[in-house]
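Working notes for the structure below.
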Amino acid sequence: GAGVSQSPSNKVTEKGKDVELRCDPISGHTALYWYRQRLGQGLEFLIYFQGNSAPDKSGLPSDRFSAERTGESVSTLTIQRTQQEDSAVYLCASSRTTHYEQYFGPGTRLTVT
Amino acid sequence: KQEVTQIPAALSVPEGENLVLNCSFTDSAIYNLQWFRQDPGKGLTSLLLIQSSQREQTSGRLNASLDKSSGRSTLYIAASQPGDSATYLCAVCEAGTALIFGKGTTLSVSS
């Protein structure tokens, strides 16, 4: 596709359940980022992948959060034992490589009840 | 720790006005600065990217400037239109590569 895609667009889950969010970056982009936007707050960096290098996990808020990326393609963000404070829009972005312009997907709105 | 501030938080103008959105950052050691717009319920759309060595970038009615030494950037929108109504976000890219965002300016242009 032409842009970054994310699925699902909306996810409602019960507290304590695990969820998996998916991101398909722009073809050929080696860098992939996950951000979180909680209601009324700015975007927070979560994790960054660049090629085959070890990911930068410095933004992950707790060990319940993890992410994987297969080569330079799809990435999944997993949240285990979801809590109400995990409710947010999760945004994925990709760029040609480090420090290039980032292009964002439409986001996944996660609601934990 | 880098902090990005956007002023004002909200702005309302009549159609046709020229306007300026402000962004400031605390650490001038940046690679680039990017301006985005975000429409309600949507993702971010990249508007302009200014490299640290550049002073400004233009795209249509938009002009972004960067004064790295003073830690400031402005986004100038000429002849505003109702379709410009959105939240505008400023973000800086540091050596760590993840973007650090301001909280945005919500613009409303009335017809």
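The values are calculated or read from the model by the stated rules, or taken from the named source; none is laboratory data. Being a predicted model, the structure only gives us computed values, none of them experimental. Glycine gets a Cβ as well: all are built from the backbone with ideal geometry, and neighbour counts include every protein chain shown. When the accessible area is computed, the model is the full protein with side chains, heavy atoms only, and any ligands, DNA or RNA have been set aside. Shrake-Rupley method; radii C 1.70, N 1.55, O 1.52, S 1.80 Å.
Laid out as a table, the results:
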item	result
Shielding by partners - mean other protein chain Cβ count within 10 Å, residues of B:98-105	5
Nearest-0.05 FRET efficiency for A:Leu39 and B:Glu3, computed from C-beta distance (R0 25 Å)	0.75
The stretch A:1-43 residues near the modelled A:Ser73 label - backbone nitrogen below 20 Å, point 7 Å along Cα→Cβ	A:1-8, A:20-34
B:Asp39-B:Lys103 pseudo-label distance in nm [points 7 Å out on the Cα-to-Cβ vector]	2.6
Paramagnetic reach from B:Tyr76 (point 7 Å along Cα→Cβ, amide N under 15 Å) across the stretch B:1-41	B:17-23
Residue-by-residue Karplus 3J(HN,Hα) for the stretch B:76-81, coefficients 6.51, -1.76, 1.60, Hz, glycine and proline x	9, 10, 8, 6, 4, 10
Distance (nanometres) between label positions extended 7 Å along Cα→Cβ at A:Glu85 and B:Gln51	4.2
Sum of side-chain charges, B:Gln6 neighbourhood, beta-carbon under 14 Å (Lys, Arg +1; Asp, Glu -1)	+2
Counting DSSP beta bridges with both ends in chain B, the antiparallel % (nearest 5)	90
Cα gyration tensor shape of chain A, rounded if a/c is under 1.5, else prolate or oblate by comparing a/b with b/c	prolate
Where labels lie 7 Å past Cα in the beta-carbon direction, separation of B:Ala10 and A:Glu20 in nm	4.1
Number of partner chain Cβ atoms within 10 Å, mean per residue of A:93-106	5
Charge context of B:Leu62, other residues only, Cβ under 12 angstrom, K/R +1, D/E -1	0
Carbon and sulfur %, accessible surface of chain A computed with the full protein complex present, 1.4 Å	44
Surrounding net charge for A:Lys15, when Lys and Arg each add one and Asp and Glu each subtract one, Cβ distance under 14 Å	0
